[in-house]
Amino acid sequence: MRHFTVLLLLVLAVVLPSINANPYSYSSSRQTDPGDGPGGVDNDGPGGVDDDDPGADGNVPDLGDGNGIPDVSNATNPLCVPWYGIRDAILGGIFHGRCGDEARASVRLAFHDAGTFSDALKAQGLPNGAADGSMIWDPTEVLRTENDGLQPIVSILSPLPAQFGVSPGDLLHLAGVLGVLACPGGPRINAFIGRPFPLNVAPMGLLPSPEDPVPKLIARFADMGFTVRDLMALVGAHSTGKQRFVDPALANSSFDSTVDIWDVRFYAETAAPTTPPDVLKLDSDVNFSHNASTFHEFHRFINNQEDWDEDYRSAHLKMMLLGQNISTLTNCTELMPASINLTNLTINGTVDPTLLEAAIQKYRAPWLS
């Protein structure tokens with residue numbers, strides 16, 4: 001049974017991607033007017049005059065060094081102050097500033113943690129899943145078959161809630177949004193703190209399986225509160241994924257040909273009749289690209305980075321709040337660094353590896369090692 005593991009970025013890289021590999025094809029519908037101001041599209045890159053991602057609360061301040069990294073000295077909410085250090089411990093001590101194994105696994109872990117939530121169980125008052133950090137709170141959850149491969153990241157993250165005096169859910173889901181942001185092109189998603197400790201171990205049998213037919217998958221995600229559009233946005237997280245368990249003979253094959261960056265090539269390549277070298281297409285993804293119920297929402301993201309960024313951000317935010325009361329949480333998006341904008345790294349429709357590495361060196365410098 002290969003549950004959420006392969007449906008939502010859940011079989012991910014086990015080797016650090018090489019930044020000097022083949023150039024990355026990239027297409028975007030973003031406008032290029034650098035003067036659209038705060039709240040518009042971030043066209044000038046981190047640290048410029050237009051630093052915030054649409055849909056994320058608060059602007060990324062220009063701190064003078066042009067790296068788009070909010071510093072604790074600029075904190076506006078005292079409750080968020082301790083989380084600047086936790087951010088740095090994750091981005092630096094664990095991710096090392098890059099879209100590597102631990103960053104990808106943290107995104108996968110966030111899906112696994114939240115993916116057992118059920119509106120039906122909630123209505124019946126039964127023990128339920130939630131975005132509550134139970135995956136790093138209960139030592140047995142990670143041993144389930146559908147969680148194969150998550151043991152290393154769970155081992156790394158599990159001690160941190162006690163170390164920093166925070167809840168498992170807050171720690172795990174901050175790591176999830178930082179994992180997205182660690183991948184160049186990954187959107188800046190709102191960060192919330194204040195989740196209580198888990199009430200129970202997550203129920204079994206609720207993580208969706210890629211062997212399920214499309215109608216069953218749609219129904220299961222609807223039971224979590226997701227629309228078809230949400231689901232199609234979420235599966236795009238395969239953009240930076242690799243598989244190890246679906247086909248062990250092809251272990252470490254990716255789901256698209258630009259695995260080092262968070263882009264929309266996954267959608268075009270999944271829907272295409274041919275498969276690029278070293279790429280594995282999941283049956284569930286191919287089915288989504290062709291099924292009448294999901295065709296439109298899947299294809300709307302082809303060559304449309306801006307729409308995907310917006311819809312993925314919204315769907316991931318919904319996911320990381322499953323089972324939580326947002327009115328009791330504190331918005332700490334102020335500590336999130338800017339996204340690395342792929343538009344400025346693109347030459348003739350291709351993300352240039354040299355420019356990409358230079359951007360990583362500039363905008364993730366404090367965390368690189």
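The values are calculated or read from the model by the stated rules, or taken from the named source; none is laboratory data. Predicted model only: the values in this text are computed from it and were never measured. Every residue, glycine among them, receives a Cβ derived from its backbone with ideal geometry; neighbour counts consider all protein chains shown.
Going through the range 79-94 one residue at a time, which ones are surrounded by fewer than 19 Cβ atoms within 10 Å (Cβ to Cβ), touching a residue at least 12 places away in the same chain (Cβ under 8 Å) and of a type in the set (A, V, I, L, M)? LEU79, ALA89, listed by residue number.
For the range 148-160, does any single residue satisfy the condition of being touching a residue at least 40 places away in the same chain (Cβ under 8 Å) and over 30 Å from ILE69 (Cβ atoms)? Yes, some residue in the range 148-160 is touching a residue at least 40 places away in the same chain (Cβ under 8 Å) and over 30 Å from ILE69 (Cβ atoms). Just one of the listed residues (GLY186, GLY179, GLY225, GLY205) is at positive phi, of a type outside the set (A, V, I, L, M) and touching a residue at least 24 places away in the same chain (Cβ under 8 Å), namely GLY225.
Please indicate, with yes or no, whether at least one residue in the range 331-351 is over 20 Å from the mean Cα position of the chain (by Cα), in a loop (DSSP other than H, G, I, E, B) and at pLDDT 95 or above. No, every residue in the range 331-351 fails to be over 20 Å from the mean Cα position of the chain (by Cα), in a loop (DSSP other than H, G, I, E, B) and at pLDDT 95 or above.
Take the residues in the range 95-113 that are part of a helix (DSSP H, G or I) and charged (D, E, K, R); name whichever of them is surrounded by the fewest Cβ atoms within 10 Å (Cβ to Cβ). Checked the range 95-113; the qualifying residue surrounded by the fewest Cβ atoms within 10 Å (Cβ to Cβ) is ASP101. Annotation note: of VAL286, VAL279, the sole residue that is surrounded by fewer than 22 Cβ atoms within 10 Å (Cβ to Cβ), at pLDDT 90 or above and not polar (S, T, N, Q) is VAL286.
For the range 209-249, what are the residues that are assigned to a helix (DSSP H, G or I), under 17 Å from SER118 (Cα atoms) and within 19 Å of the chain's Cα centre (by Cα)? Correct list: PHE221, VAL228, ASP230, LEU231. Exactly one residue among THR328, THR294, THR333 is over 21 Å from LEU109 (Cα atoms) and buried (at least 16 other Cβ atoms within 10 Å of the Cβ), and that residue is THR294. Criterion first (at pLDDT below 95, of a type outside the set (Val, Ile, Thr) and crowded, with 20+ Cβ neighbours inside 10 Å) does PRO213 satisfy it? No. None of LEU126, LEU121, LEU79, LEU63 is more than 19 Å from the chain's Cα centre (by Cα), of a type in the set (A, V, I, L, M, F, W, C), part of a loop (DSSP other than H, G, I, E, B) and modelled with pLDDT of 95 or more except LEU126. Considering the range 147-186, and only residues there that are surrounded by 23 or more Cβ atoms within 10 Å (Cβ to Cβ) and in contact with a Phe, Trp or Tyr (Cβ under 6 Å, 6 or more places away or on another chain), the residue that is nearest to LEU199 (Cα to Cα) turns out to be PRO168. Of all residues in the range 119-138, none that is of a type in the set (A, V, I, L, M) and surrounded by fewer than 16 Cβ atoms within 10 Å (Cβ to Cβ) has its Cβ atom under 9 Å from the Cβ atom of a residue that is modelled with pLDDT under 95 and assigned to a helix (DSSP H, G or I), 6 or more apart or on another chain.
Only one of the numbered conditions (1) surrounded by fewer than 17 Cβ atoms within 10 Å (Cβ to Cβ); (2) among the basic types (Lys, Arg); (3) more than 23 Å from GLY93 (Cα to Cα) is violated by ARG313, and that is (1). Here SER339 meets each of (1) of a type in the set (Gly, Ala, Ser); (2) surrounded by fewer than 14 Cβ atoms within 10 Å (Cβ to Cβ); (3) closer than 20 Å to ASN67 by Cβ with one exception, condition (2).
Okay, residues lined up against (1) in a helix (DSSP H, G or I); (2) under 27 Å from LYS122 (Cα atoms); (3) in contact (Cβ under 8 Å) with a residue 12 or more places away in the chain:
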position	(1), (2), (3)
SER284	yes, no, yes
SER289	yes, no, yes
ALA292	no, no, no
HIS296	yes, no, no
ILE302	no, no, yes
ASP309	yes, no, yes
LYS318	yes, yes, yes
LEU322	no, yes, yes
SER327	yes, yes, no
